[in-house]
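Some notes on the structure that comes next.
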Amino acid sequence: MDMNSDERVVASDASLIRSPTCPACDAAERRPYYRHETWELFSCEVCRLIYLDPMPGPATLATIYHDAYNGAQTGYFTKTSSKLRRSSKRLRIIRRFSKTSGGNFLDVGCNGGFMVEAARRVGYTAWGIDPDLVSLEYARAHFPDSRYFHGVIDEFDPRDSVGAAVRFDMAYCSEVIEHVPQPQAFLRDINRLLKPGGVLYLTTPDISHWRRPRRLENWDGFCPPSHLLYFSPENLIALARRSGFELLSRRPAWKPGVKLVLQRPQR
Ligand SMILES: [Zn+2]
């Protein structure tokens, strides 16, 4: 990505978002953690979340995501069969925790639709949502038997054919929450969309992981301002609990990532 062009956008973006308190636990106590180009990162003194302040506004984010996906037709999505295989493998893991053998499946940040398609193939009614139109167009063109929504989760109000609200048995959200300025509201929205007992598989990079390169710039999980938040397993679990989830399992991660299986309580 061309960081110089991003900086120009930032300079003209009046909608930089101040985040003076921790987006995960609301604590105001923090210390400066790192500075990357024009971006400042802070460490929450209470939960140790690392977060940007200020965060980029909508105009900057739109540019970032356009840049990230403008290679979509030329290579980003070319390994379709291997992506589908990987999605199916991960889906098998999630299904061990979900007591259902079908029902409604939601991928939050569904990208090219690979996980949506993997879920549909094993019998789920599958939905995907994503704010990126290029990705969604790819998903709609290649996997047309599922349903897609262009936008973000707080605008998502899925309805069935008779107009009743759709609630999900299983949700999947991989490498998305680090892009979200208000992760509490984000997880509460996913929680609200699940049926009682519904399961969420959540992944994000892990800044505290023992295999994370010592120099932050050498770690592919470190990319401000695209990644606004840098979690560790402990603060992600605490955030999930605060947002209405119970922890079912923390999966082993051999790369610097955290993978959680969460559940909306039965009652
Ligand atoms: Zn915090």
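The numbers here are math on the coordinates, done by the rules we state, and not lab data. The shown structure was predicted, so the numbers you read here are calculated from the model rather than taken from an experiment. So basically every Cβ, Gly included, is an ideal-geometry build from the backbone, and we count neighbours across all protein chains shown.
Quick notes on this structure:
- Leading residue by the ranking (farthest from SER226 (Cα to Cα)) among those in the range 111-145 that are of a type in the set (Phe, Trp, Tyr) and not in a helix (DSSP H, G or I): TYR124
- Counted residues, the range 26-50 - those being near the ligand (Cβ under 10 Å from one of its atoms) and surrounded by fewer than 18 Cβ atoms within 10 Å (Cβ to Cβ): 6
- For the range 209-237, a residue qualifies if it is surrounded by fewer than 16 Cβ atoms within 10 Å (Cβ to Cβ) and within 16 Å of the ligand (Cβ to nearest atom), and exactly one does: GLU234.
- Positions within the range 159-191 being without any contact (Cβ under 8 Å) to a residue 40 or more places away in the chain and more than 16 Å from the chain's Cα centre (by Cα), in sequence order: ARG159, ASP160, SER161, VAL162, GLY163, ALA164, ALA165
- Contact annotation: residue pairs with Cβ atoms under 6 Å, 6 or more positions apart or on different chains, pairing a residue in the range 127-139 that is touching a residue at least 12 places away in the same chain (Cβ under 8 Å) with a partner that is of a type in the set (S, T, N, Q), are SER135/ASN111.
- Hey, LEU247 within 23 Å of ILE93 (Cβ to Cβ) and more than 16 Å from the chain's Cα centre (by Cα) or not: yes
- Members of the range 172-214 found to be closer than 29 Å to THR100 by Cα and aromatic (Phe, Trp, Tyr), listed by number: TYR172, PHE186, TYR201
- The range 251-267: number of residues that are assigned to a loop (DSSP other than H, G, I, E, B) and either touching a Gly at 6+ places or on another chain (Cβ under 8 Å) or free of Cβ contacts under 8 Å to residues at least 60 places away in the same chain (or both): 8
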